[in-house]
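Comments concern the structure below.
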Amino acid sequence: MAGGGIAPSKGKAYPGNMTCKVFVTCIVAAMGGLIFGYDIGISGGVISMPLFLKKFFPDVWRKEQGLSPSTNQYCTYNSETLTLFTSSLYFAALLASFVASSVTRACGRRVSMVIGGTLFLAGSAVNGLAQNVLMLIIGRVLLGFGIGFANQSVPVYLSEMAPYRYRGALNMVFQLSITIGILGANLLNYFMANLKYGWRISLGCAAVPGIIFIVGSLLLPDTPNSLIERGKREEAKIMLQKIRGIRDVDEEFDDLVIASEESKKVQHPWANIMKEKNRPQLTFAMLIPFFQQFTGINVIMFYAPVLFKTIGFGSTASLMSAVITGLVNCLSTLVSIAIVDRFGRRGLFLEGGSQMLIMQLAIAAAIGAKFGVSGNPGSLPKGYALAVVAMICVYVAGFAWSWGPLGWLVPSEIFPLEVRSAGQSINVSVNMIFTFVVAQIFPVMLCKLKFGLFLFFSFFVVIMTIFIYKFFPETKGVPIEEMAIVWSRHPYWRKFVPAPDNIDDDRKPGSGRIGIEIVKKEQDC
Ligand code: BGC
């Protein structure tokens with residue numbers, strides 16, 4: 001999943017360059033994000049194409065065309081099989097990420113990436129050629145398996161290949177490429193909407209990033225960390241020299257070996273993570289992805305065209321509006337990349353949360369005023385429709401510079417080495433579970449809660465913003481292994497985390513000095 005990368009640390013500066021191999025690594029990693037984003041964006045668009053609906057979901061199509069007795073527009077898309085089409089992918093990804101974590105460890109990161117790409121390619125072929133709903137669901141499940149493997153292995157691969165000073169940035173690049181994937185899918189849906197087999201092209205085109213991902217993974221070498229872990233030290237050293245573009249890599253290599261040995265000593269990371277001293281990290285690894293999904297963002301990302309159609313937009317206008325929200329999502333992620341290390345995580349969380357809250361209340365009021373509970377807007381004035389799109393865009397921007405990238409960055413930078421991998425797995429799994437849940441409950445909730453759907457998510461946004469305000473200490477500029485100091489000084493978390501011994505006054509988090517001794521431990525992330 002996105003975000004296995006490690007935030008930049010201060011301190012030790014290993015020599016080495018941004019080599020061609022590392023650059024290609026970034027491209028392949030970006031493909032990993034793209035295929036994930038592409039699938040997030042594509043399903044909502046094809047669902048809003050009448051020809052697709054008529055072929056696979058005729059009941060929904062009849063409701064949409066006003067040919068069936070159901071008149072409440074809020075309930076048009078409330079169909080179990082239609083929902084399964086979207087959500088099955090995330091459930092499959094969740095299952096696959098558990099298998100992938102053992103494969104990644106035993107056979108190397110690259111093997112997992114190639115398996116992921118191949119499953120993904122198979123899924124896009126089955127979907128593009130689908131003749132019935134079963135083929136659609138099987139295709140989505142294969143795509144999900146592929147994504148589970150890719151998202152588990154790519155971030156680990158990235159953080160091990162990248163020179164340490166680029167890790168934080170690469171972490172964010174992964175989120176950026178997710179947003180580019182979503183935007184690409186929105187655009188393709190827009191152009192394909194009126195073609196007879198447009199939906200086939202939309203679904204089948206997932207093969208393009210899939211093929212690039214497989215070829216890239218085959219061409220790339222395995223990481224030095226993985227080679228050391230599997231006892232191939234000679235090979236690992238040669239590899240490190242190649243990817244850093246210099247001969248003298250002794251210091252980094254020795255540190256990698258130490259880190260690998262340290263991590264082997266930890267027999268039971270899962271038992272370890274339950275210990276009291278890891279309570280704050282465990283809490284955040286579970287609550288951050290939960291809250292990220294309960295911002296309600298995927299109601300927009302998965303179902304924007306459906307939502308826009310529900311509130312009275314035509315087919316083309318709905319798909320265009322989805323392109324606009326996709327663009328805002330992508331550009332706002334760039335804003336976050338630019339300011340996250342100056343503005344800090346807390347500031348972005350609190351600002352983004354407040355912005356989303358205000359917009360959710362405004363959207364609920366606007367839709368409620370026009371639709372009431374009967375779900376029949378009559379004709380929707382153009383100005384009114386534009387105002388709703390604008391409010392959704394401001395909401396999306398709030399997410400995209402706060403909970404979007406931070407939902408992956410923060411959990412990746414708060415765990416000590418010995419439980420980092422276990423912590424990442426928890427983060428990824430919780431994210432996938434609740435991505436699945438939101439995809440599953442949206443249509444039924446829209447039908448039952450109507451415009452109150454936005455109030456439902458706004459309730460969670462209030463809770464998460466208060467939670468961050470009270471419990472989340474700033475982690476900006478704190479070297480990873482010094483995070484314990486931050487918890488031990490927090491008014492609440494100090495109950496669980498004892499102050500580390502022998503810390504003199506200028507060894508404060510972010511002072512820069514403390515990173516020097518600990519960066520070496522960070523290598524086996
Ligand atoms: C979330 C996805 C979401 C995407 C939107 C990611 O951080 O995990 O669920 O669809 O952001 O850009």
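The values are calculated or read from the model by the stated rules, or taken from the named source; none is laboratory data. Model, not experiment: these values are computed from the prediction. Note that each Cβ is placed from the backbone with ideal geometry, even for glycine, and that neighbours are counted across all protein chains shown. Ligands, DNA and RNA are stripped out before the accessible areas are found, and what is left, the full protein with its side chains, is counted by its heavy atoms. Shrake-Rupley method; radii C 1.70, N 1.55, O 1.52, S 1.80 Å.
By how many degrees, 0 to 90 and rounded to 10, does the Cα axis of helix 452-471 deviate from the longest principal axis of the chain? Its long axis makes an angle of about 20 degrees. Note on the range 290-432: with neighbouring protein chains present and a 1.4 Å probe, carbon and sulfur make up 73 percent of its accessible heavy-atom surface.
For the range 169-273, applying the loop criterion from DSSP together with a ceiling of 14 other beta carbons within 10 Å to the trypsin sites (Lys or Arg not before Pro) yields K196, R247. In µm²/s, what is D for the range 293-418 at 25 °C and 0.890 mPa s, where D = kT/(6 pi eta Rh) by Stokes-Einstein and Rh is the Kirkwood radius from Cα pairs? For these conditions, the coefficient is 158 µm²/s. Modelled label positions at T316 and L218, each set 7 Å beyond Cα in the direction of Cβ, lie 4.2 nm from each other.
Between R230 and R247, the simple spin-label model (points 7 angstrom out along Cα→Cβ) gives 2.9 nm.
The phi torsions of the range 76-82, fed into the Karplus equation with coefficients 6.51, -1.76 and 1.60 and a -60° offset, translate into couplings of 3, 9, 7, 9, 5, 5, 5 Hz, rounded to whole numbers, with Gly and Pro shown as x.
The convex hull built on the alpha-carbon positions of the chain has an orientation-averaged projected area of 22.7 nm².
The residues of the chain have, on average, 37 Å² of accessible surface per residue, using a 1.4 Å probe with all protein chains present. Per-residue Karplus couplings for the range 226-236, computed as 6.51 cos²θ - 1.76 cosθ + 1.60 with θ equal to phi - 60°, are listed in order as 5, 5, 4, 4, 9, x, 9, 5, 4, 4, 4 Hz, Gly and Pro entered as x. Measure nothing but the geometry: give the 0 to 90° angle between the long axis through the Cα atoms of 297-310 and the longest principal axis through the Cα atoms of the chain, rounded to 10°. It is inclined by approximately 10 degrees.
Stretched out straight at 0.36 nm per residue, the stretch from Q131 to E351 would grow longer than its current Cα-Cα span by 74.5 nm. Applying both filters, DSSP loop and at most 16 other Cβ atoms within 10 Å, to the trypsin sites (Lys or Arg not before Pro) of the range 384-491 gives R489.
Across the chain, the mean sequence separation of Cα contacts (distance under 8 Å, 6 or more residues apart), normalised by length, yields a relative contact order of 26 percent. At full extension, E80 and A365 could sit 99.8 nm farther apart than now, given 0.36 nm per residue minus the alpha carbon distance.
Relative to the longest principal axis of the Cα atoms of the chain, the long axis of helix 133-161 lies at roughly 30 degrees.
Taken along the Cα-to-beta-carbon direction at a fixed 7 Å, the label points for A387 and T19 span 5.9 nm. List residues of the range 392-423, by number, whose backbone nitrogen lies under 15 Å from a label position 7 Å along Cα→C-beta of K265. Residues passing the 15 Å test: 417-419. With a Förster radius of 30 Å applied to the beta-carbon distance between I201 and R62, the computed FRET efficiency rounds to 0.75.
Value of Rg to Rh for the range 393-447, rounded to two decimals, is 1.10; Kirkwood radius and Rg both from alpha-carbon coordinates.
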